[in-house]
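For reference, the structure is listed below as structure tokens.
Only the coordinates and a few stated rules stand behind these numbers; no lab work does. Remember, it's a predicted structure, so these values are computed and weren't measured experimentally. Glycine also receives a Cβ, built like all others from the backbone with ideal geometry; neighbour counts cover every protein chain displayed.
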Amino acid sequence: MQEDQIWREKASEPLRKAEVLHPRYRGKIEILPKVPVSHYEYFSVWYTPGVSSACKKILENSEKSFEYTSRWNTIAVVSDGTRVLGLGNIGPEAGLPVMEGKSLLFKYLGGVDAFPICISEKDPDRIISIVKALEPTFGGINLEDIEKPKCFHILERLRNELSIPVWHDDQQGTATVILAALINAAEIANKSLENLNIFILGAGSAGIATLRLLISAGLNPQNIVVADRKGLIHRERDDLEEKFGIYRDLLAKTNGRNRKGDFHEGFAGADVFIGLSTPGPGVVRREDIKKMSKDAIVFTCANPTPEIWPWEAKEAGAKIVATGRSDFPNQVNNSIVFPGIFRGVLDVSARTISDSMCLKVAQEIAKYAKNRGINEEYIIPGMDEWEVFPRVAATAADTATKEGVARKPLSFGEELENATQIITRTRKLIENLETLGYIENYFT
């Protein structure tokens, strides 16, 4: 019990620090110039009268906005605050710290300029209209923390109607990193990826997207069981259309044995548990993990607190345990995906991010970790392994080029060199600002 208390205190430490440091810094990002401004005559180039020549070039061809402005490297992080972390519908103002944090990760890990846009609008069609109106300013859109089922509708509409990449990180990002981690976890546990029996707890945006990508990767949907608050999802449930909309038919393909009952029933015989549900601890019990197969794989990814503490899952017999947090081994978090994938699609001015790009990126992330030497406590790279981000960018850019959705095609090797330069510059810039004291370090 004493060891358990130590772990709990350690897990709550980031929350205590965040409460103190957020108001001290008064925000996590700011805008700085990237051009020389040491002489006032420079402003005649950057602003009037010189800027009019840039305006005329873009007027002749709107695609020039990717060359003459920061649009090529700028994305919007858009949220209505209806499904923020594990906190639920907290609104746009309360969701802003998360979107700022997201923007910080985009910049430091991917060299991407991301701007948080929290909107006071919940109607999905009006959200779509707002984002479409913002398109001329941005090179990409990152949707964030939007409740289901409207998140599905919003993503599909915007992907089809915008000429820039649209990505819902809670869907595509989470699915990509889970697949990457699962590839290596299955190898360590000596289990066949294609034949895994998988239980997914949580049928929100992350759960549905993970299901989609796992099936795209060749897993048999009949061997996958999904559960929501109502219990196991099976073909005879009469609320599939209402709750899951366009993904009703996809869910109907799962649960080949048509199992029923509350979500605790889903653990029986499962090789893999993927938790994308209500923050814990205590949502999942030790007894649930004990029902799983030998050498079970447990991804307990609810934020900010996993459904079951990792040490509890280990004590119950799990061979490999991952969480969504950085303070435990095996962080299965989309932060390893989105900075690099946007770096790549921005550099080739891609028109979209396809499902096949997510699949290729997942495989590249798994390959990177495997080359480093995977084990039970290292199935996926961490955010501190910055070399993985240029490789993710190169994979995304190369795949976009091969799929014909890149305005400025680049090969894997070309983008690897380009992304490495951009990310290295960004990291050095931020680190130098901290070293020189322009970014004060209140952690020390």
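Remarks
- Here the range 355-371 and the range 203-271 have alpha carbon centers that stand 24 Å from each other.
- Gaussian network model of the chain, springs between alpha carbon atoms under 10 Å - residue of T48, T74, T395 with greatest fluctuation: T48
- The range 12-60 and the range 381-398 have Cα centres separated by 26 Å.
- Straight-distance crosslink candidates among lysines, where the alpha carbon sits under 19 Å from K191 and sequence neighbours closer than 8 are dropped: K290, K291, K294, K314, K319, K367, K370
- Loop-located GluC sites (Glu not before Pro) in the range 10-88 whose Cβ has at most 15 other Cβ within 10 Å (DSSP): E30
- Summed residue charge, Cβ within 13 Å of N255's Cβ, Lys/Arg positive, Asp/Glu negative: +3
- Unit charges at the beta carbon, dipole of the chain: most positive-side option, N223, A394, G81: N223
- Exposure proxy order (Cβ contacts within 10 Å, fewest to most) of M383, M357: M383, M357
- For the chain, built as a Gaussian network whose Cα springs stay under 10 Å, the top-fluctuating residue of Y25, Y378, Y247: Y25
- For the range 190-318, taking the reciprocal of the average inverse distance between every pair of different Cα atoms yields a Kirkwood hydrodynamic radius of 14.5 Å.
- For the range 1-107, alpha-carbon Rg relative to the globular expectation (2.2 N^0.38 Å, N residues): 1.67
- The chain: relative contact order as a whole-number percent, Cα under 8 Å and 6+ apart: 14
- As a rough footprinting exposure proxy, the listed residues R26, R16, R259 were ranked by other beta carbons within 10 Å of their own, and the order from fewest upward is R26, R16, R259.
- Least to most buried among L433, L213 (fewest other Cβ within 10 Å first): L433, L213
- Screening the chain for DSSP H helices whose Cα atoms reach 27 Å or more along their own axis and whose mean Kyte hydropathy is at least -0.5 gives 91-110.
- The share of Cα pairs per 10 Å bin across the range 26-169, counted from zero up to the longest distance, runs 11, 35, 32, 17, 5, 0 percent.
- Gaussian network model of the chain, Cα within-10 Å springs - most flexible of I336, I58, I127: I58
- The trypsin sites (Lys or Arg not before Pro) of the range 262-306 meeting both criteria, a DSSP state outside H, G, I, E and B (loop) and at most 10 other C-beta atoms within 10 angstrom of the site's C-beta, are K294.
- Between the amide H of I200 and those of V225, V226, A227, I274, distances stay under 5 Å, these residues lying 5 or more places away or on another chain, with hydrogens modeled in the peptide plane.
- For the range 190-318, the share of DSSP beta bridges that are antiparallel, to the nearest 5, is 15%.
- Residues in the range 273-281 carry Karplus couplings, in order, of 10, 10, x, 9, 10, 6, x, x, x Hz; the curve used is 6.51 cos²θ - 1.76 cosθ + 1.60 with θ = phi - 60°, and Gly or Pro positions show x.
- Rounded to 5, the percent of DSSP beta bridges in the chain classed as antiparallel: 15
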